[in-house]
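What follows draws every value from the coordinates through simple rules; no lab data is involved. Keep in mind that this is a model prediction, so the values were computed, not measured. Ideal geometry is used to build each Cβ from the backbone, glycine not excepted, and the neighbour counts take in all protein chains shown.
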Amino acid sequence: MPPLSTVRFHRTWTPLLIVFSVFVVGLFGAALWYTDARATITITPRATPVTATIVLRITDDASSNGTDVLPATVTVTPATETVTATPPAEGALIDARATGTMTIINTTNAGQPLVEGTRFQAENGVIVRTQKRADAPARGRTTVPVIADPLGLEGNLEPGRFTIIALNASVQPLIYGQLEKAMSGGQIRQGSTLDVATMTEASNRAEKAIEAKLGQPAAGTVRFLEPREVAINPPATEAAESYQVTVTMDVREIVYDQTKLETRLRTALMTDAAPGVTLLSMEQPTITRTTDADLSLRFAVRGLTGADEKDPAFAPSAFRGRNRDDITTQLLEHPSVASATVVISPNWQKNAPDRVEKIQVILTDPSSP
């Protein structure tokens, strides 16, 4: 059994040692808790719509870096499309003279001139006349427009052989007419000539048909259709049931430097941007041609600007040791910030840590404008 004095010593100091140990551990834990304080600052940027319009002159100099020019190559090719135009019916059907094209065949060794109005007779006896002078070359052929003598459907003749009445009977088998396509127009609607509205509608259909055949231009290419010629057969002033409208257009394709265009558009969108703002997105531009004498294009573009993550106002050092409410107020006053939340742990802490590595700044996706 230990001495009495020793027993008393243990009974006296043991509680004190326990209390001291708990105090030290608690103090160490509190210090560790304090030094491990962290701050998470979440920022939702505000997306602001911006627009810009610039005019660039097209140049074939690929090395040109002028701010008002755009290097490109330009090609021009013709495209033709024929559509049928039917004028609105006006009044009753009336008889008219059918028209067509006659091929004159000459099998002799001498040329044969034919004056305007030369008569050709079909096998059924119907007579048609040439509408202009023609020369049938020796052992050759030529074509000439013809019109039927009789009015009405009788003049709508089918393809076949025609005799030239004015020639000697012995020559008629050697020089004759051949109708390759049927004559038409023997009966029409009264007053049915090709009006401007119908012709315009037909021209538009022809243009759309050309566009459909060409398809969508490739990336970095802009295409313009420029009217060159509109041909109408028969002439618009002649009454007919239908007309063939042939539209010829110049297809101008411009293949431009996409990188340089994007640079110029980005610069234009950011011209009036506030400090600390960056371009978040940019739509495809709308491209139109100007009326300038030289080839210039107008580009209209839209985009969204928002907070730049590299803005010093969002750096962790900007919040070091700052009060939670002060940080929130400062961020909400920023023109590019839609909302902000500040979380500091432990939650009884009011200020962000002094060490920047303990401060995390998160920029979320921009809010809608």
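Could you tell me which of LEU279, THR103, THR51 has its Cα farthest along the dipole of the chain towards the positive end, charges placed at Cβ (Lys, Arg +1; Asp, Glu -1), taken about the Cα centre?
About the Cα centre, the residue reaching furthest to the positive side is LEU279.
For the chain, what is the relative contact order in percent, using Cα pairs closer than 8 Å and at least 6 residues apart in sequence?
Numbers: 759 pairs, mean separation 96.8, N = 369.
Relative CO of the chain lands at 26 percent.
Can you sort THR341, THR163 by how many other beta carbons sit within 10 Å, fewest first? If you can, show how the numbers build up before the last one.
On the way: THR341 14, THR163 18.
The fewest-first ordering by Cβ neighbours comes to THR341, THR163.
Per 0.36 nm of contour for each residue apart, how much would the distance between ARG320 and THR75 grow if the chain were fully extended, relative to their Cα-Cα spacing?
Details: separation 245, 0.36 × 245 = 88.20 nm, distance 6.12 nm.
Answer, rounded to one decimal: 82.1 nm.
What residues qualify as long-range amide H neighbours of SER64, i.e. H under 5 Å apart, gap of 5 or more or another chain, H built at 1.01 Å from N?
When sequence neighbours closer than 5 places are left aside, there are no close amide H contacts.
Roughly how many Å is it from the Cα centre of the range 219-238 to that of the range 315-369, as a whole number?
63
Return P(r) of the chain (all Cα-Cα pairs; 20 Å bins starting at 0; whole %; ordered from short to long distances).
With a bin width of 20 Å, the distribution comes to 18, 24, 20, 15, 11, 7, 3, 2, 0.
Tell me the relative contact order for the range 93-189 as a rounded percent, counting alpha carbon contacts under 8 Å between residues six or more apart. Let's see the in-between values first.
Values: 273 pairs, mean separation 39.4, N = 97.
Reported as a whole number, the value is 41 percent.
What list of ³J(HN,Hα) values in whole Hz, one per residue of the range 72-79 in order, does the Karplus curve 6.51 cos²θ - 1.76 cosθ + 1.60 (θ = phi - 60°) give from phi, with Gly and Pro shown as x?
Per residue, the Karplus-derived 3J(HN,Hα) values read 6, 10, 10, 10, 10, 10, x, 9 Hz.
Mind grabbing the base-10 log of I(q)/I(0) for the range 168-210 at q = 0.21, 0.25, 0.27 Å⁻¹? Debye formula, identical points on the C-alpha positions, no solvent, two decimal places.
The calculated log intensity ratios at q = 0.21, 0.25, 0.27 Å⁻¹ are -0.86, -0.92, -0.93.
Determine the equivalent ellipsoid of the range 93-189 by diagonalising the alpha-carbon gyration tensor, then write out the semi-axes as square roots of 5 times the eigenvalues, largest first, rounded to whole Å. Mind dumping the intermediate values first?
Numbers: eigenvalues 122, 28, 22 Å².
Largest first, the range 93-189 gives 25, 12, 11 Å.
Mean Kyte-Doolittle of at least 0.0 plus a Cα span of 15 Å or more along the axis: flag which DSSP H helices in the chain meet both, please.
On the way: long enough: 4-35 (47 Å, 1.16); 196-214 (27 Å, -0.27); 258-269 (16 Å, -0.73).
Helix filter hits for the chain: 4-35.
Given H placed on each backbone N at 1.01 Å, which residues far from GLN187 in sequence or on other chains put an amide H within less than 5 Å of it?
Answer set, sorted by chain and number: ALA96.
GNM on the chain, C-alpha springs below 10 Å: top fluctuator among THR107, THR86, THR99?
In this elastic network of the chain, the residue with the biggest mean-square fluctuation among THR107, THR86, THR99 is THR107.
Over the chain, how many pairs of lysines fall under 28 Å by alpha carbon, counting only those 8 or more apart in sequence or from different chains? Working shown, then result.
Values: LYS132/LYS181; LYS260/LYS310; LYS310/LYS350; LYS310/LYS358; LYS350/LYS358.
Lysine pairs satisfying the spacing and distance rule in the chain number 5.
Of ARG46, ARG161, ARG298, which is the most mobile in a GNM of the chain whose springs link Cα atoms less than 10 angstrom apart?
Residue with maximal mean-square fluctuation among ARG46, ARG161, ARG298: ARG161.
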